[in-house]
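Visitor: Submitted below is the structure of interest, expressed as structure tokens.
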Amino acid sequence: MAKLNSFRVGKVRADLRGKVWYLTYHEDGQRIRCRVSSDRKTAQQMAAQVNAQIEVSAPTAFSFEAIGIDQLQERWLKHHEHVLRSSVHTIRRYRTATHHLINFVRSRAPRLKTAQFTQRHAENFVRYLRTIEVAPNGHANTAKRPLLDNGVRYILTTCRSMFVFADKHRHLSPYSENPFSSIDLDRMPTEDARPIHLLSFEQERQFLEQCDDWQFPIFLLLMLTGMRPGEATHLLLPDDVDLQRRLLSIRNKPQLGWQVKTRNERVIPIVSELADVLEYYIGHRVAGPLITRRSIQSNLASSPAFPDVKAMESALMDRSEDLKNSTSELSPRELQQKAARLVWREAGAIRTDRIRCEFMRLTRAMGLPEMTAPKSLRHLFATELQDKSVDPLIRSELMGHSTNRDGGGLGMTGRYTHTRPETKARELERALSGRAAIPVAREWLTRRQKQ
């Protein structure tokens, strides 16, 4: 006679406790007991599945490996490094964000495992983040301040992604939820976000008029193309600069240790005034970075450090080999990135931090010390395109943003719509026609040509 409150399927025993069925079995010498369902038929199906997995020595549906939070971070970052091939910068940001969680666990419960980390721990972690102070941008000599709301949200989003990885790789109990999923990040208010300051028409003119001859082409380039400072510093002559067709190409350069932030390459048309300024700025240079350091720009007669891109690639291989022999602390990609910085520097390129310092020097002189990020020029560019009703697809392409191919945003329109270069150039010309930078650029060029 069949028992109503228990049954066995091979090596798996099922027992009814109250109204819930539990399965009991041994795996790798350990006794496993797990809650299944209140339905007997479902319990029988799960018992049969687990028994079949035991028979072939496969991990059972309820097996998992509980590891420490620091081990989880290490495995997750290695997954991004070796499987997803996320950028070195992205991995560094992920490491910094999740290190706050490691510090929290070490201070509260050093032996806490992934399977023991609950929603309560996640909520206590949020409270912990509200109490700590950090150095902005990671600079050790900067005065520390509390985390801003956007910073807290980014850390929690990153930790949630790390626990998604833990769930997929069976480091969480199979019947537990991601502890960070219960925190509704979308409803978390942002009360202390840094304001975005946009230059007015007169401020744009004032900003450019106080630039010296070295600063002017750099900031005019950022203003009238909307490119990221890091993209501007990695434009190479002549490969990325076509002044005859008035086009700038933002290309990934993995062979030189640099890639576009979103990996999305793009071509940006440039208005005639900017093309004329760049032609004057480049002079007789035929190779090397478009934007060079002051000392190099002031000596236009000097020959470039590298005659072409192939020479830079060869130098990068030599520098990488030298660094590999001198240190073993960095990963291969970190070594290449460090070597690439040396090669770009030798070629005459400036650091993006230098653009930021020059920008702050100019805004302070204007009485706008709160404007500290040259990225605000990119915001200004996007805003001008919006004000002039430039087609959304063209705006997205000019900015180099990733388009959503899954139905949101541009969706399938982005997949089936192809923008002709002349259309993009016409829209950009129309959008920038009223910018203060245009007449200032003409005046600047006229003065220099008369000298």
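The values are calculated or read from the model by the stated rules, or taken from the named source; none is laboratory data. In this text, all values refer to a predicted model and were calculated from it rather than measured experimentally. Note that each Cβ is placed from the backbone with ideal geometry, even for glycine, and that neighbours are counted across all protein chains shown. Heavy atoms of the whole protein, side chains included, go into the accessibility calculation; ligands, DNA and RNA do not. Shrake-Rupley method; radii C 1.70, N 1.55, O 1.52, S 1.80 Å.
Visitor: Within the set of pairs 6+ apart or on separate chains, which have a first residue in region 41-57 that is more than 11 Å from residue 14 (Cα to Cα) and of a type in the set (Lys, Arg), a second that is at pLDDT below 85 and open to solvent by 50 Å² or more (accessible area, probe 1.4 Å), and C-beta atoms under 8 Å apart?
Guide: none
Matching residues to (1) under 30 Å from residue 371 (Cβ atoms); (2) among the aromatic types (Phe, Trp, Tyr):
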residue	(1), (2)
115	no, no
133	yes, no
144	yes, no
154	yes, yes
161	no, no
168	no, no
172	no, no
180	no, yes
192	yes, no
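Visitor: Can you tell me how many residues in region 216-242 are at pLDDT 95 or above, more than 25 Å from the chain's Cα centre (by Cα) and open to solvent by 10 Å² or more (accessible area, probe 1.4 Å)?
Guide: Of the residues in that region, 2 qualify.
Visitor: Also, I was wondering about something else. Just need a number here: residues in region 298-330 that are under 13 Å from residue 255 (Cα atoms) and either at pLDDT below 80 or of a type in the set (S, T, N, Q) (or both).
Guide: Of the residues in region 298-330, 2 are under 13 Å from residue 255 (Cα atoms) and either at pLDDT below 80 or of a type in the set (S, T, N, Q) (or both).
Visitor: Suppose we filter 267, 286 for residues that are touching a Ser or Thr at 6+ places or on another chain (Cβ under 8 Å) and either surrounded by fewer than 15 Cβ atoms within 10 Å (Cβ to Cβ) or more than 15 Å from residue 345 (Cα to Cα) (or both); which single one remains?
Guide: The unique qualifying residue is 267.
Visitor: Given 178, 150, which one is farther than 30 Å from residue 439 by Cα and outside any loop (DSSP other than H, G, I, E, B)?
Guide: 150
Visitor: Now, a different point. Within region 336-359, is there a residue that is open to solvent by 60 Å² or more (accessible area, probe 1.4 Å), touching a helix residue (DSSP H, G or I) at 6+ places or on another chain (Cβ under 9 Å), of a type outside the set (D, E, K, R) and more than 25 Å from residue 287 (Cα to Cα)?
Guide: No, the conditions are met nowhere in region 336-359.
Visitor: Just wondering, is there one or more residues in region 130-145 that are hydrophobic (A, V, I, L, M, F, W, C), crowded, with 17+ Cβ neighbours inside 10 Å and over 23 Å from the mean Cα position of the chain (by Cα)?
Guide: Taking every residue of region 130-145 in turn, none turns out to be hydrophobic (A, V, I, L, M, F, W, C), crowded, with 17+ Cβ neighbours inside 10 Å and over 23 Å from the mean Cα position of the chain (by Cα).
Visitor: If you take the residues of region 46-71 that are assigned to a loop (DSSP other than H, G, I, E, B) and at pLDDT 75 or above, which of them is surrounded by the fewest Cβ atoms within 10 Å (Cβ to Cβ)?
Guide: Across region 46-71, the extreme among qualifying residues is 56.
Visitor: Report yes if residue 395 is within 23 Å of the chain's Cα centre (by Cα), at pLDDT 90 or above and of a type in the set (Lys, Arg), otherwise no.
Guide: When the stated conditions are applied, residue 395 does not pass them.
Visitor: Here is a further query. If you go through region 71-95, how many residues are within 19 Å of residue 335 (Cα to Cα) and polar (S, T, N, Q)?
Guide: 3
Visitor: Let me ask another. Kindly check whether there is at least one residue in region 361-381 that is at positive phi, at pLDDT below 85 and either out of contact with any helix residue (DSSP H, G or I) (no Cβ under 7 Å at 6 or more places or on another chain) or open to solvent by 10 Å² or more (accessible area, probe 1.4 Å) (or both).
Guide: No, that holds for no residue.
Visitor: Scanning region 1-23 for residues that are assigned to a loop (DSSP other than H, G, I, E, B) and under 25 Å from residue 65 (Cβ atoms), which turns out most open to solvent (accessible area, probe 1.4 Å)?
Guide: Applying the filter and picking the extreme gives 11.
Visitor: For region 289-402, please list each of the helices (runs of 4 or more DSSP H) lying entirely inside it that holds at least 1 residues being of a type in the set (Phe, Trp, Tyr) and closer than 24 Å to residue 85 by Cα.
Guide: The helices (runs of 4 or more DSSP H) meeting that bar are 332-347.
Visitor: Given the residues 82, 26, which is the only one that is part of a helix (DSSP H, G or I) and either open to solvent by 80 Å² or more (accessible area, probe 1.4 Å) or free of Cβ contacts under 8 Å to residues at least 12 places away in the same chain (or both)?
Guide: 82
Visitor: Has region 96-103 got at least one residue that is hydrophobic (A, V, I, L, M, F, W, C), in contact (Cβ under 8 Å) with a residue 12 or more places away in the chain and part of a loop (DSSP other than H, G, I, E, B)?
Guide: No, region 96-103 contains no residue that is hydrophobic (A, V, I, L, M, F, W, C), in contact (Cβ under 8 Å) with a residue 12 or more places away in the chain and part of a loop (DSSP other than H, G, I, E, B).
Visitor: Just one of the numbered conditions (1) open to solvent by less than 20 Å² (accessible area, probe 1.4 Å); (2) without any contact (Cβ under 8 Å) to a residue 24 or more places away in the chain is not true of residue 200; which one?
Guide: Single failed check for residue 200: (1).
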